[in-house]
Each structure stands twice: as C-alpha cells, then as structure tokens.
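Notes for the one structure printed next.
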Amino acid sequence: MLKTQFGESATANLEEGTWTFEIRDELKVSAGVFAILPEQKYQKLLTAIKGIRNSMNAHPDCEPNSEFEDMVSRCDEILEAL
C-alpha cells in the first residue's frame with residue numbers, strides 16, 4: 001500500500017471522466033481504486049484514529065493479549081500505513 005499523497009485539484013473534465021492533480025511531493029503511481037478526500041477530512045480521520053488508540057491504550061483492561069491491546073495494535077498499523 002502506498003503512503004498518503006497530497007495534491008491540489010488542477011482541472012477536471014466530466015465528459016471525459018478525467019481529473020488532474022498537481023502532487024506536492026514525489027508521485028508514486030499505481031493501479032487500483034483510490035479514496036480522494038479533502039485534507040481537512042484526512043486530518044480529522046488521523047485525529048480520530050489517534051484518539052481511539054490512546055483511549056484503548058489508557059483503559060485499565062488494556063493488558064497483553066487483550067482485545068484492547070489488539071485494537072491499539074490495529075490502530076498503530078493503520079497510522080503507519082497512512
């Protein structure tokens with residue numbers, strides 16, 4: 001999976017079904033289906049995942065091999081992938 005890439009919408013042609021972006025950093029191209037969302041929503045998603053992770057980690061039942069620890073690990077994997 002590629003890391004998140006940021007860019008700005010430059011042009012679009014609805015008749016042709018094309019949408020052009022100017023990417024801020026190095027562009028890594030791959031085939032597939034992608035989720036495109038505004039940067040503010042992306043930041044809210046990160047904040048929510050971090051909040052869930054921290055709440056699970058601080059829970060008194062978060063011990064080794066618990067569901068809470070599993071959720072912390074899953075959140076860490078998601079954050080690493082993003």
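The values are calculated or read from the model by the stated rules, or taken from the named source; none is laboratory data. All values derive from a computational prediction rather than experimental measurement. For neighbour counting, all protein chains shown are included, and Cβ atoms are generated from backbone atoms with ideal geometry for every residue, glycine included.
Here are the numbers:
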{"item": "Hits in region 47-69 (condition: under 19 Å from the mean Cα position of the chain (by Cα) and among the charged types (D, E, K, R))", "result": "Lys50, Arg53"}
{"item": "Every residue from region 5-26 that is assigned to a loop (DSSP other than H, G, I, E, B) and either among the aromatic types (Phe, Trp, Tyr) or loosely packed, with under 11 Cβ neighbours inside 10 Å (or both)", "result": "Phe6, Leu14, Glu15, Glu16, Gly17, Arg24, Asp25, Glu26"}
{"item": "Residues located in region 52-81, provided they are loosely packed, with under 13 Cβ neighbours inside 10 Å, hydrophobic (A, V, I, L, M, F, W, C) and either touching a residue at least 12 places away in the same chain (Cβ under 8 Å) or within 29 Å of Ser9 (Cα to Cα) (or both)", "result": "Leu79, Ala81"}
{"item": "Conditions (1) out of contact with any Phe, Trp or Tyr (no Cβ under 9 Å at 6 or more places or on another chain); (2) in a loop (DSSP other than H, G, I, E, B); (3) surrounded by 11 or more Cβ atoms within 10 Å (Cβ to Cβ); number of the one not met by Ile49", "result": "(2)"}
{"item": "Some residue of region 32-51 being hydroxyl-bearing (Ser, Thr, Tyr), at negative phi and in contact with a strand residue (DSSP E or B) (Cβ under 9 Å, 6 or more places away or on another chain)", "result": "no"}
{"item": "Region 1-55, subset within 15 Å of Ala81 (Cβ to Cβ) and polar (S, T, N, Q), residue modelled with the lowest pLDDT", "result": "Ser30"}
